[in-house]
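The values are calculated or read from the model by the stated rules, or taken from the named source; none is laboratory data. A quick note: this is a predicted structure, and the numbers were derived from the prediction, not measured. Note that each Cβ is placed from the backbone with ideal geometry, even for glycine, and that neighbours are counted across all protein chains shown. Side chains included, ligands, DNA and RNA excluded: accessible areas come from the protein's heavy atoms. Shrake-Rupley method; radii C 1.70, N 1.55, O 1.52, S 1.80 Å.
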Amino acid sequence: MEDEEMEKKVQQYLQRKGFRLTELALQEERNRLSTSAISDVALARSDNDPARYHDGYSRLRTWAYSSLDQYKHELLRVLYPVFIHSFMDLVAEGHMQEARSFFHTFREDHEVMHSRDLQKLEGVLSPSHLEEMELARSFRKNKFKIKLCEYSYELLLQYLQKTQALVVLGVINEHITFEVSPGQPSLISDDADVVALIGTSKDLAKQINQKEVHWGLLEDSVEERMEKALAESDKIEAESKDADAEDNKKRNAEGGKQGASLKKAKKDKLVGATGKNVRTETSMVSVAPRVKPELTLPATPVEVEQSILEDLRNRAQLNSVALPSVSFYTFVNTHNGLNCSSISHDGSLVVGGFSDSSVKVWDMSKIGQPTKMSSSQSENGSSQGERISTLDEGKRTYTLFQGHSGPVYSAAFSPFGDFLLSSSSDSTIRLWSTKLNANLVCYKGHNYPVWDVQFSPVGHYFASASHDRTARIWSMDKIQPLRIMAGHLSDVDCVQWHVNCNYIATGSSDKTVRLWDVQTGECIRMFIGHRSMVLSLAMSPDGRYMASGDEDGTIMIWDLSTGRCVSPLLGHSSCVWTLAFSCEGALLASGSADCTVKLWDVASSTKTLKTEDTKGSSANRLRLLKALPTKATPVYSLRFSRRNLLFASGALSLSSS
């Protein structure tokens with residue numbers, strides 16, 4: 001009121017004094033201010049209108065899809081961050097109905113590349129959920145990095161200036177960083193790393209990956225001792241053969257039987273040369289540096305050493321030309337009840353973990369034989385709660401282990417096959433004796449389902465991975481974990497020991513792989529690059545490389561010493577559930593839900609990496625040697641025996657039609 005009275009008095013004064021022009025200027029200024037106030041109110045109303053997100057994203061989407069084909073795939077990369085943050089802004093402002101409508105209208109645009117993220121965000125029903133959900137917090141705290149060529153970037157800027165799309169412009173300024181490169185647009189096939197979340201996780205990975213990793217093999221390991229003994233015996237045998245050949249030559253030179261002796265001498269030389277090649281190939285692993293164990297390792301029984309020596313003596317040497325024989329164990333009539341399977345190191349035992357909480361072990365030597373139940377087995381079964389059961393009228397015998405109270409998600413044999421571990425949704429791990437057919441220990445420590453459990457290469461120690469976002473290291477003789485590895489942002493889905501037992505690797509639903517020091521429990525490597533949850537891991541025999549497979553079917557080979565990706569392997573069309581390196585490290589086998597086993601040439605790629613360490617990973621792509629399709633059996637597990645025979649297993653999954 002005081003302002004209005006003041007304006008009236010000023011106007012009366014100007015009229016009294018005859019200042020007509022000044023009076024008109026004052027009226028024009030008053031009209032301009034009132035018009036501006038009205039437009040400000042209208043703008044404030046539009047700023048609070050939830051429809052602005054729908055309109056802004058819809059126009060950007062239409063423009064991107066109508067762009068030239070040469071630049072379209074680059075411009076479409078902007079849509080996902082804008083979609084995510086528009087949805088989260090609507091939720092944060094309390095427009096829940098509009099947020100759900102926006103989400104369901106445009107989610108199909110991103111279903112192929114980001115289905116896991118969308119499934120999680122679908123559960124956001126209130127602003128408080130944005131604070132509670134790790135994925136949403138990560139999106140809010142960090143920025144997306146998007147790679148564009150210069151011309152695509154100019155096109156985007158022109159669109160934003162022309163349309164004055166304030167909502168889209170706000171999201172881009174606050175949540176997106178562009179990496180602009182000169183020249184032509186990138187290829188669609190190189191889309192793996194063009195949209196990435198940067199910020200704390202990237203900085204953390206850089207900081208972690210500066211730590212030192214001793215990736216070599218154990219000093220004076222059993223296999224090394226056996227290889228030395230085998231090499232010496234081969235050398236002595238070759239020398240004696242050469243001496244015999246020379247004697248025969250001299251003896252037969254005068255008798256006219258020179259032709260036959262020359263053939264024998266050539267044959268002996270060929271055998272000797274082959275033996276030398278075998279040892280040369282084996283020594284590729286032996287050139288790896290040696291490290292001291294951080295854990296107290298158990299003693300190896302003499303009979304086990306003899307068994308290893310025999311396996312090494314009969315080991316087949318594999319390479320890109322000499323591929324392995326494959327023995328595939330198929331589970332039938334599982335009725336979708338089989339969750340996991342595993343094979344012992346020599347292929348003699350196969351275990352399956354089932355949804356009805358049971359664990360079943362098949363002895364391959366008894367397949368097809370009539371059932372024989374000894375009194376000692378019956379006594380063990382009755383006293384411990386396990387029994388010997390038969391399937392298919394005695395044609396197929398298995399040992400039934402019962403004790404879990406929920407579905408069994410993982411099972412693993414000890415290196416020598418005398419023990420078996422199983423993990424379950426009941427949050428426990430159980431240790432079983434395959435000799436006594438009995439449950440020995442129940443390990444409790446995890447708070448949620450345990451997805452994976454793996455014995456160390458020397459036995460005695462084992463590692464577990466759980467829905468509680470931790471991995472844990474245990475020893476058979478203690479019921480409490482020795483170490484707890486915490487740091488993943490989501491479920492730890494798989495775990496794998498390093499060959500020297502000083503490290504474990506974990507794969508997670510947060511799309512990262514981490515390497516942990518078993519002595520300190522500290523994370524010493526963080527591998528970022530997967531676009532979906534990591535389901536399988538494998539370590540190379542020399543300890544330098546690691547393979548990881550994800551839900552999208554992508555496999556990545558990592559160099560543990562540098563923390564970088566050597567090469568992505570593209571070929572599977574579904575989840576990669578299992579990976580295995582051959583004994584000399586020349587081949588990698590992968591098993592997938594797409595019902596195939598694929599064999600990859602690892603040796604040629606890693607040799608290229610060592611000689612041309614400064615070149616990019618595109619020059620080091622691994623070569624697919626062979627794809628082995630099954631009729632209709634997703635591949636659950638793979639294992640190379642010490643003799644380099646490849647074992648595989650899975651459950652037949654024929655469609656009802």
May I ask you to list pairs of residues, at least six apart or on different chains, whose Cβ atoms are under 7 Å apart, with the first in segment 357-377 being modelled with pLDDT under 85 and the second being surrounded by 16 or more Cβ atoms within 10 Å (Cβ to Cβ) and among the β-branched types (Val, Ile, Thr)? LYS366/THR397; THR371/THR397; MET373/ILE388; GLN377/ILE388
Would you confirm whether or not segment 439-460 contains a residue that is hydroxyl-bearing (Ser, Thr, Tyr), buried (at least 19 other Cβ atoms within 10 Å of the Cβ) and within 25 Å of the chain's Cα centre (by Cα)? yes
Going through (1) in contact with a helix residue (DSSP H, G or I) (Cβ under 8 Å, 6 or more places away or on another chain); (2) more than 22 Å from THR512 (Cβ to Cβ) one by one, LEU135 fails only at (2)
Take MET113 and tell me if it is open to solvent by 60 Å² or more (accessible area, probe 1.4 Å), under 25 Å from the mean Cα position of the chain (by Cα), in the same structural domain as HIS54 (by the TED database) and of a type in the set (A, V, I, L, M, F, W, C). yes
Which numbered condition ALA486 misses (of (1) out of contact with any Gly (no Cβ under 6 Å at 6 or more places or on another chain); (2) in contact (Cβ under 8 Å) with a residue 24 or more places away in the chain): (2)
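Just to be sure, is GLY94 at positive phi, in contact with a helix residue (DSSP H, G or I) (Cβ under 7 Å, 6 or more places away or on another chain) and surrounded by fewer than 15 Cβ atoms within 10 Å (Cβ to Cβ)? Break it down stepwise before answering.
Numbers: at positive phi: yes; in contact with a helix residue (DSSP H, G or I) (Cβ under 7 Å, 6 or more places away or on another chain): yes; surrounded by fewer than 15 Cβ atoms within 10 Å (Cβ to Cβ): yes.
For GLY94, the condition - at positive phi, in contact with a helix residue (DSSP H, G or I) (Cβ under 7 Å, 6 or more places away or on another chain) and surrounded by fewer than 15 Cβ atoms within 10 Å (Cβ to Cβ) - is met.
Residues LEU60, LEU26: which one is closer than 28 Å to LYS120 by Cβ and either modelled with pLDDT of 90 or more or open to solvent by less than 70 Å² (accessible area, probe 1.4 Å) (or both)? Even if it seems obvious, please write down each step before you answer.
Numbers: LEU26 fails: closer than 28 Å to LYS120 by Cβ.
Sole residue among the options that is closer than 28 Å to LYS120 by Cβ and either modelled with pLDDT of 90 or more or open to solvent by less than 70 Å² (accessible area, probe 1.4 Å) (or both): LEU60.
Suppose we filter ARG52, ARG77 for residues that are within 16 Å of SER186 (Cα to Cα), surrounded by 15 or more Cβ atoms within 10 Å (Cβ to Cβ) and among the charged types (D, E, K, R); which single one remains? First the steps, then the outcome.
Details: ARG52 fails: within 16 Å of SER186 (Cα to Cα).
Checking each option against the conditions leaves just ARG77.
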Filter segment 581-597 for residues that are in a strand (DSSP E or B) and open to solvent by 10 Å² or more (accessible area, probe 1.4 Å); which is farthest from PRO457 (Cα to Cα)? THR596
The condition from (1) under 30 Å from VAL180 (Cβ atoms); (2) at pLDDT below 85 that LYS120 misses is numbered (1)
Considering segment 400-429 alone, what residues qualify as being in a loop (DSSP other than H, G, I, E, B), over 25 Å from ALA486 (Cα atoms) and in contact with a Phe, Trp or Tyr (Cβ under 7 Å, 6 or more places away or on another chain)? SER414, PRO415
So which of SER320, SER307 ends up being under 27 Å from the mean Cα position of the chain (by Cα), outside the structural domain of ARG643 (by the TED database) and outside any strand (DSSP E or B)? SER320
Here is a list: LEU135, LEU118, LEU130. Which entry is touching a His at 6+ places or on another chain (Cβ under 7 Å), within 22 Å of ASP510 (Cβ to Cβ) and surrounded by 13 or more Cβ atoms within 10 Å (Cβ to Cβ)? LEU118
What number goes with the only condition from (1) over 12 Å from the mean Cα position of the chain (by Cα); (2) open to solvent by less than 30 Å² (accessible area, probe 1.4 Å) that CYS575 does not pass? (1)
Of (1) open to solvent by 30 Å² or more (accessible area, probe 1.4 Å); (2) within 19 Å of the chain's Cα centre (by Cα); (3) in contact (Cβ under 8 Å) with a residue 40 or more places away in the chain, VAL492 satisfies all except one. Which? (1)
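Would you pick out the residues in segment 511-550 that are among the acidic types (Asp, Glu) and either part of a strand (DSSP E or B) or crowded, with 23+ Cβ neighbours inside 10 Å (or both)? Before you say what the answer is, go through the steps one by one.
First, pick out the residues of segment 511-550 that are among the acidic types (Asp, Glu): 517, 522, 542, 550.
Hits for segment 511-550 are ASP517, ASP550.
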Output the number of the condition that TRP432 fails; it satisfies all remaining conditions of (1) buried (at least 19 other Cβ atoms within 10 Å of the Cβ); (2) not in a strand (DSSP E or B). (2)
